[in-house]
Amino acid sequence: MKDTYFVTSAIPYINAEPHVGTAYEIIACDMVARYHRLRGERVFFLTGTDEHSQNVAKAAAEAGISPQEFTDGMVPKWLDVWRRLDVSNDDFIRTSEPRHAEPLRRFVQAIYDRGDVYQGTYEGPYCVSCEEFKPESDLVDGSLCPVHLRPVEWLKEENYFFRLSKYQEPLLRLYEEHPEFVMPETRRNEVVAFVRGGLKDLSISRNQALWGVPLPWAEHHVIYVWVDALLNYITAPGYGEDGSLFEHVWPADLQIIGKDIIRFHAVIWPALLMAAGLEVPRTVFAHGFLTLGGEKMSKSRGTGIHPFELLDHFGVDAYRYYFLREIQWGQDGNFSWESMVARTNADLANGLGNLASRVLKMVEDNLEGCVPEPPAAGPGPLAAAAADLAARYDAGVETVDLTGAVTALSDFVGEMNRYLVETAPWALAKDPARREEMAGVLYDALEGLRLIAVFSSPVMPTAAARLWQQLGIAEPLDAQRLPRAATWGGIPPGTLVARGSSLFPRLDD
Ligand SMILES: [Zn+2]
């Protein structure tokens, strides 16, 4: 029985090192996974690497090593980046692993046995970089891949075909009955129009490729890399194995992908699943592209920026925050060093970080570092703002509006700053008669900081943990569970705070 929230990233192929674009997707998945854990749900967050690419085979040949040696050498470079980005994936599947190949073959055999695979000949333009046959109508100037703007090759092969055309009506029904299956709406419209235009059967094997998983009934064919890659989402949790994780996680709740691979994930993928008699994922969400100075980052064009170049300067929390807050989730967005400095200074150094250190310093200076009793008159206006934060954040993640969720957090920081300006606890501190009033204000401010730590934890786990430590709360941050963790009044009076160094040092422009 399904009892686990399942979120996936696409699995990038690893003929090169990660760049900021691939990292963008995984931090979004990570935020979602961490938030669902915060809600007390079981979570399975899957990522991995797509290794059976002919581009990998080519890169390996150029390096004079086998494809397996090549990918064995690349995977640690990806894992290093994910680790430094605080990515909390529960599994990492490599499609060159036997635990992938076996269930993959089982799946392909299952759709073959059910009559959805037949033998035929394919002839047509093929882009080696996309690893995809292109409809002639999609070509630019009659001969260029529309994605890569490079000449396509003309390929003729005896292949096995999946009866994709048979699923045109079931797919259209799926989009109609479950509009949340493809998000955002612009992508859904694109997918619906594409499927309405008619589906051709899909070649699912290659007889010239040497690197890949053989078809069970025709070992001289390898399974088309895209079918191979898509299957990772079910092979990793153990599709077809008794007592595996699969029955706890499937169908996936959220599959986050780049908009360039929407047809694979919103057309081919659900059709394959239907053919095997499996449920389709609940939501496939296609995010936009990051552009740098207006140009798409791309490893093949050499315009990719390695995440370390930014991490070394900004640190992991500012990095994650910036991309989730600054780039409107779901749309393309431009990023620049300057805007990253500006955003970090405004929202984190001057915003959240300064707020925390001011409040903690006032508590140290005026209350001997001790969390006071809550105000006798009851919670101030911050309690309502905190409830609003919790509701907006939850709605944001629930509707995959991640920027909306993070914006709720930055708005709450703004509310807290306004509250402090209005109540001016530093002025109250000078008047012994208003000491209790000051303590009440600081209690509410500390409680606000506690909520900031809780809601920061999916986005900025390291900074959230540091803030939590400064607040001195005994119960660990990772033991916090919603909705209780968002209930106003959770910081225990008598707790000793410990203001440390600032959470976010100001960056030079
Ligand atoms: Zn291409």
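The values are calculated or read from the model by the stated rules, or taken from the named source; none is laboratory data. Computed from a prediction, not measured in an experiment: that's the story for all the values here. So basically every Cβ, Gly included, is an ideal-geometry build from the backbone, and we count neighbours across all protein chains shown. Surface areas here come from the heavy atoms of the whole protein model, side chains and all, with no ligands, DNA or RNA. Shrake-Rupley method; radii C 1.70, N 1.55, O 1.52, S 1.80 Å.
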Heavy-atom SASA rank of 169, 447, 17, 176 (probe 1.4 Å, accessible area, largest first): 176, 169, 17, 447
Contour excess over end-to-end distance, with Cα ends at residue 475 and residue 166 and 0.36 nm allotted per residue: 105.7 nm
Cross-link partners of residue 58 among lysines (Cα-Cα below 28 Å; sequence separation of 8 or more within a chain): 77, 134, 156, 259, 296, 299
Rule-of-thumb Rg ratio for segment 366-438 [Cα; 2.2 N^0.38 Å; N residues]: 1.40
Distance between segment 322-399 and segment 20-49 - C-alpha centres, whole angstrom: 21 Å
Theoretical gain in end-to-end length, residue 17 to residue 361 [0.36 nm per residue, Cα-Cα removed]: 119.5 nm
Residue 3 versus residue 368: modelled label distance in nm, points set 7 Å from Cα along the beta carbon direction: 4.9 nm
Area of residue 153 that stays accessible when all protein chains are in place (1.4 Å probe, Å², to 10): 90 Å²
Charge dipole (debye, nearest 20) of the chain; +1 at Cβ of Lys and Arg, -1 at Cβ of Asp and Glu: 280 debye
For segment 261-414, the fraction of alpha-carbon pairs in successive 5 Å shells from zero, as %: 2, 7, 11, 14, 15, 13, 12, 9, 6, 5, 3, 2, 1, 0
Carbon plus sulfur fraction of accessible area for the chain, probe 1.4 Å, in percent: 51 percent
For segment 487-505 and segment 409-424, distance of Cα centres in Å: 16 Å
With all protein chains modelled, accessible area of residue 475 [1.4 Å, Å²]: 70 Å²
Whole-number Å³ per residue for the convex hull built on Cα positions in segment 35-132: 174 Å³
Kirkwood-based shape ratio for segment 1-74, expressed as Rg/Rh from alpha carbons: 1.13
Net charge dipole size for segment 11-50 [Lys, Arg +1 and Asp, Glu -1 on Cβ; Debye, nearest 20]: 320 debye
Å² per residue, accessible surface of segment 66-166 at 1.4 Å: 48 Å²
More than 45 angstrom apart: percent of Cα pairs within the chain: 22 percent
Kyte-Doolittle at least 0.5, axis length at least 30 Å by Cα - qualifying DSSP helices, the chain: 435-456
Unpartnered cysteines - no second Cys beta carbon under 4.7 Å - across the chain: 29, 370
Order of exposure, largest accessible area first, which applies to 289, 45 with probe 1.4 Å: 289, 45
Semi-axes of the equivalent ellipsoid for segment 212-258, Cα gyration tensor, largest first, Å: 23, 16, 5
Top positive-direction residue, dipole computed over the chain with Cβ charges, set 15, 47, 74: 47
For the chain, share of DSSP beta bridges that run antiparallel, in % to the nearest 5: 50 percent
